[in-house]
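Heads up, the thing below is written out as structure tokens.
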Amino acid sequence: MIKSSAMPLDSIWWEEELGKLQERLGYRFRFPDLLRSALTHASYAHEYGEQEWNERLEFLGDAVLELCVSDELFRQHQGWNEGQLTKKRAQIVCTASLARWSRAVGLNRLIRLGRGLRRQGGGENDSLLADAGEALIGAVYVDGGIEAARQVIDKLMELSREWGKPVALDAKSRLQELLARENGTTPQYEVISTVGPPHETIYSVAVRRENGTCLGRGEGPSRKTAEQAAALSALRMMEDPGRD
């Protein structure tokens, strides 16, 4: 029977699937607990008494991913300027691209979520999947070092090329490009409120111009998700100023 992200993950099936995941990645963990942590969301950890979850690994994986992609693009495209390199990197490391890669390797079925997020279909949420993908990269880096992480990231870049045209920029990247073209400024994000318990917090975020003018607001189950929602709201307002 095929499991779905809406179902609790029993340990026998999950452990078997972690082995298959490592085969797909082409990397075998020396310390499997790192892989388990990378696929454990805070909501699951708080509900089931797990001591480790993926936020710290996500933080590290984000930095490793950006470094490796930047290095590869720098080497591949000798004639590109900073703007071209930055745009291409954004296409590879954006939420949509990372979520697509995470689905391709099966993380949408393997990420462990609390009951509330499972009921909401959290295993198919692009932001949660992108976070899990970054955590997985962070786990590979801690387990095997930079070269091991680079090999896994190379597969992400290969898939990105196979998908054909570049993945569309996520809302935050699009807003940043738009403001840079307008007046050379960057958007500023601010958490204006949080509601709910630590493992199911809802974040409210405002995005502003550098002069403090509010461009949009958004909500989500993580700060990243709320920032994306705020950026999308800002884009819609800027494209259609008459929108309520």
Cα-based Lys proximity count in region 58-185, under 16 Å, for pairs eight or more positions apart or on separate chains: 4
Specify the residue with the greatest mean-square fluctuation among Ala42, Ala149, Ala180, computed from a Gaussian network of the chain linking alpha-carbon atoms under 10 Å apart. Ala180
What aspartates and glutamates could a cross-link reach from Lys20, if we take a straight Cα to Cα line under 15 Å and drop same-chain neighbours fewer than 8 places away? none
Using the Kirkwood formula over every pair of different C-alpha atoms, what hydrodynamic radius in Å results for region 1-100? 16.2 Å
Considering Cα pairs under 8 angstrom that are at least six residues apart, work out the relative contact order of the chain and quote it in whole percent. 19 percent
How far is the Cα center of region 27-70 from the Cα center of region 171-244, in Å? 26 Å
According to a simple spin-label model (label point 7 Å from Cα along Cα-to-Cβ), what is the distance in nm between Leu178 and Glu15? 5.0 nm
Would you please put 80-87, 121-128 in order of how densely packed they are, using the mean number of other Cβ atoms within 10 angstrom per residue and starting with the highest? 121-128, 80-87
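Among bridges DSSP assigns within the chain, what percent are antiparallel (round to 5)?
Antiparallel bridges: around 95 percent, rounded to the nearest 5.
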What percentage of the solvent-accessible surface of the chain, computed with a 1.4 Å probe over protein heavy atoms, is contributed by carbon and sulfur atoms? 50 percent
Tell me the per residue accessible area of the chain using a 1.4 Å probe; a whole number in Å² is fine. 52 Å²
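The values are calculated or read from the model by the stated rules, or taken from the named source; none is laboratory data. Values in this document were obtained by computation on a predicted structure and should not be read as measured data. No Cβ is skipped: glycine too gets one built from the backbone with ideal geometry, and neighbour counts run over all protein chains shown. Note: accessible area is taken over every heavy atom of the protein model, side chains too, but ligands, DNA and RNA are not part of it. Shrake-Rupley method; radii C 1.70, N 1.55, O 1.52, S 1.80 Å.
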